[in-house]
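Peer 1: Quick one: this structure, given as structure tokens, is what I'll be asking you about.
Just so it is clear, none of the values below were taken in a lab; they were calculated from the coordinates. It should be emphasised that the depicted structure is a prediction, and the values quoted were computed from it without experimental measurement. Ideal geometry is used to build each Cβ from the backbone, glycine not excepted, and the neighbour counts take in all protein chains shown.
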């Protein structure tokens, strides 16, 4: 690290040389996703590379089904599921501060209101809104008036 290297790239392979000696060789990626060998990653990145969407969902499901559904939505909204891992882990970590029951209710509320972000769930918990019961919205009947045509007018 921090040393000057030479790189030779062909259509099939990328090679890295240090002082004329080959120190790494990778098959070249054919798509937009980079390829990295685990031994070339920093140790902190290697731990993250072991995470998978199913593993994240499994951790979230230990809190409850709404937490798992919200974690799944966080990953689904990203171009690559891995981009949602940190938000999911932050979400799961909220159980340490607020407890699993409150977190599960906050995730259920966030899903109902389509506020599927870590920040929304954190705000719900901070403001104790998960305890507020959802109000059933009744559809108000239209008042009777000669200028209101009603649905039959358009058929």
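Peer 1: State whether one or more residues within the range 88-97 are buried (at least 18 other Cβ atoms within 10 Å of the Cβ), free of Cβ contacts under 8 Å to residues at least 12 places away in the same chain and in contact with a helix residue (DSSP H, G or I) (Cβ under 9 Å, 6 or more places away or on another chain).
Peer 2: No: the range 88-97 contains no residue that is buried (at least 18 other Cβ atoms within 10 Å of the Cβ), free of Cβ contacts under 8 Å to residues at least 12 places away in the same chain and in contact with a helix residue (DSSP H, G or I) (Cβ under 9 Å, 6 or more places away or on another chain).
Peer 1: What are the residues in the range 60-74 that are surrounded by fewer than 19 Cβ atoms within 10 Å (Cβ to Cβ) and part of a helix (DSSP H, G or I), if any?
Peer 2: 61, 65, 69, 73
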